[in-house]
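Below: one structure, written as structure tokens.
The values are calculated or read from the model by the stated rules, or taken from the named source; none is laboratory data. As the structure is a computational prediction, the values presented were derived from the model and not from experiment. Cβ placement follows ideal geometry from the backbone for every residue including glycine, while neighbour counts extend to all protein chains displayed.
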Amino acid sequence: MLFTEIIGQENTKQKLIQTVKDGRISHAQLFLGPEGCGKLALAIAYAQYISCENRGEHDSCGECASCKKYQKLIHPDLHFVFPVATTKSGNQKPISDDFISEWRKSILDNPYIKLNQWFATIGVENKQGSIYSQESGQIIRKMNLKTFESEYKTMIIWMPEKMNISAANKLLKMIEEPPAKTLFLLVSENAGKIIQTIQSRTQNVKIPKIDDENLSNALKNKFKIDENKISDIVHLSNGDYAKAVEVINSDEENRKNLNYFTSLTRLCYKADVIGIVKFVETISKIGREKQKNFLSYSLRMMRENFILNKNKPEITYLTTEENKFSQNFNTFVNDRNIMRITKELNQAFLHVERNGNSKIIFLDLSLKLIMLLKL
Ligand SMILES: [Zn+2]
């Protein structure tokens with residue numbers, strides 16, 4: 001992660017870079033800031049800058065061997081600790097390393113990830129994830145290793161407030177008597193929940209919310225949305241990039257599509273033909289562009305649910321409402337039907353585009369879904 005890839009936060013970037021230039025990198029730092037401000041991204045960019053073999057004035061080079069590994073989050077001297085949970089497959093003593101590939105994918109896709117999005121990614125349903133006591137053995141082991149390629153071993157601990165008390169105490173001991181050339185970067189949004197002794201032994205790096213101008217520019221670059229709407233979203237999300245993306249994704253049309261999708265799949269599952277005929281009446285009146293949007297939306301939802309069902313969420317991005325519905329629905333989308341469902345939805349999309357009779361198209365689609373959702 002390069003500093004330039006992070007939205008705004010110029011002051012913080014400058015201060016961090018200065019610590020490296022002055023050779024006064026504190027061995028335990030607490031990056032503290034509100035949700036969606038980019039604190040995890042900053043911690044990673046900072047670690048990458050420290051490790052870079054060809055540091056520039058304002059950023060890592062992005063091209064040396066170290067940077068290349070950092071950009072995939074696979075540098076051997078970079079370690080991550082984050083909350084995890086027991087899984088359906090029965091792992092009762094989970095540690096971060098059990099989820100490291102999902103973690104890398106999620107963070108590379110969205111370094112502004114929220115805790116609940118991370119939990120949705122690893123299939124934690126309605127239970128609390130945690131950094132368990134068994135994690136501390138890993139922390140001690142890793143920080144006592146020799147460095148492989150860099151001057152420092154860096155451990156980034158995301159959400160230390162989720163640390164179980166015995167793990168926190170062991171971490172505290174390591175921070176108090178650190179092995180040589182170790183760097184702990186704690187990334188937190190709730191300092192009040194971290195044990196006081198850890199807080200008092202780390203250097204605080206306070207990170208503010210993203211300023212409106214930088215947030216607005218970042219949204220303009222990433223999404224094709226008109227200016228007025230952007231200023232609404234910026235206002236609503238209050239410097240929280242993750243929230244802004246959520247607002248964009250859960251705008252009105254999205255909510256309508258979720259309603260249609262919920263109705264259609266429920267009716268099909270119950271094989272409620274009368275209900276289906278009514279649904280088809282409704283959907284045939286919304287116009288072709290909206291019908292196409294609904295079909296694209298359905299394709300995305302089916303895909304996301306298939307990934308959820310396979311329990312290997314890669315880039316599942318679901319809004320809170322979508323996630324709620326999908327927790328049960330995902331069991332109906334599986335290896336046996338995903339290809340055919342995808343094919344039917346694509347075909348319906350094509351037929352709508354070619355001005356087919358929408359009542360016939362949606363009725364036909366529904367009847368096929370009755371059969372496919374039972375496979
Ligand atoms: Zn480099």
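Let's see how each residue does on (1) hydrophobic (A, V, I, L, M, F, W, C); (2) more than 26 Å from PHE3 (Cβ to Cβ):
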| site | (1), (2) |
| --- | --- |
| PRO76 | no, no |
| ILE95 | yes, yes |
| GLN134 | no, yes |
| LEU145 | yes, yes |
| TYR152 | no, no |
| ILE157 | yes, no |
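Of all residues in segment 259-272, which are over 14 Å from LEU295 (Cβ atoms) and either assigned to a helix (DSSP H, G or I) or within 26 Å of the chain's Cα centre (by Cα) (or both)? Across segment 259-272, the qualifying residues are ASN259, THR262, SER263, ARG266, LEU267, CYS268, TYR269, LYS270.
SER51 meets all of the listed conditions (1) closer than 24 Å to ASP240 by Cα; (2) within 16 Å of the ligand (Cβ to nearest atom) but one, namely (1). All of ASN214, ASN164, ASN190 fail the test of being among the polar types (S, T, N, Q) and over 21 Å from PRO83 (Cβ atoms), apart from ASN214. Exactly one residue out of GLN29, GLN18, GLN14, GLN9 is surrounded by 21 or more Cβ atoms within 10 Å (Cβ to Cβ), more than 14 Å from the ligand (Cβ to nearest atom) and under 28 Å from ILE198 (Cβ atoms), and it is GLN9. So, in segment 55-68, exactly how many residues are within 10 Å of the ligand (Cβ to nearest atom) and touching a residue at least 12 places away in the same chain (Cβ under 8 Å)? The number of residues fulfilling the criteria is 8. Of the numbered criteria (1) within 16 Å of the ligand (Cβ to nearest atom); (2) buried (at least 24 other Cβ atoms within 10 Å of the Cβ); (3) assigned to a loop (DSSP other than H, G, I, E, B), the one GLY36 fails is (1).
The conditions of being within 16 Å of the ligand (Cβ to nearest atom), surrounded by 15 or more Cβ atoms within 10 Å (Cβ to Cβ) and not assigned by TED's automatic domain parsing to the domain that holds GLU322 are not met by LEU115. If only residues of segment 328-373 that are basic (Lys, Arg) and in a loop (DSSP other than H, G, I, E, B) are counted, the one that is modelled with the highest pLDDT is ARG336. On the given criteria, is GLU246 assigned to a helix (DSSP H, G or I), of a type in the set (Asp, Glu) and modelled with pLDDT of 95 or more? It is false that GLU246 is assigned to a helix (DSSP H, G or I), of a type in the set (Asp, Glu) and modelled with pLDDT of 95 or more. Among the residues of segment 209-244, the one identified as among the basic types (Lys, Arg) and surrounded by fewer than 13 Cβ atoms within 10 Å (Cβ to Cβ) is LYS224.
Look at segment 97-111: where a residue is among the hydroxyl-bearing types (Ser, Thr, Tyr) and a partner is surrounded by 18 or more Cβ atoms within 10 Å (Cβ to Cβ), sitting 6+ places away or on another chain with Cβ atoms under 8 Å, you get SER106/ILE113; SER106/GLN117; SER106/TRP118; SER106/THR121. The residues on offer are GLY62, GLY56, and the sole one that is on the phi > 0 side of the Ramachandran plot and of a type outside the set (S, T, N, Q) is GLY62.
Listed here are the residues, each with its yes/no results for (1) in contact with a helix residue (DSSP H, G or I) (Cβ under 7 Å, 6 or more places away or on another chain); (2) outside the structural domain of ASN305 (by TED's automatic domain parsing); (3) surrounded by fewer than 20 Cβ atoms within 10 Å (Cβ to Cβ); (4) in contact (Cβ under 8 Å) with a residue 60 or more places away in the chain.
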{"position": "ILE122", "(1), (2), (3), (4)": "yes, yes, no, yes"}
{"position": "SER133", "(1), (2), (3), (4)": "yes, yes, yes, no"}
{"position": "ASN164", "(1), (2), (3), (4)": "no, yes, yes, no"}
{"position": "PRO179", "(1), (2), (3), (4)": "yes, yes, yes, no"}
{"position": "THR182", "(1), (2), (3), (4)": "yes, yes, no, yes"}
{"position": "LEU185", "(1), (2), (3), (4)": "yes, yes, no, yes"}
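Results for (1) modelled with pLDDT under 95; (2) farther than 22 Å from THR19 by Cβ, shown as yes or no for each residue.
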site: LYS127; (1), (2): yes, yes
site: GLU149; (1), (2): yes, no
site: ASN164; (1), (2): yes, yes
site: ASN190; (1), (2): yes, yes
site: GLN203; (1), (2): no, no
site: ASN221; (1), (2): yes, yes
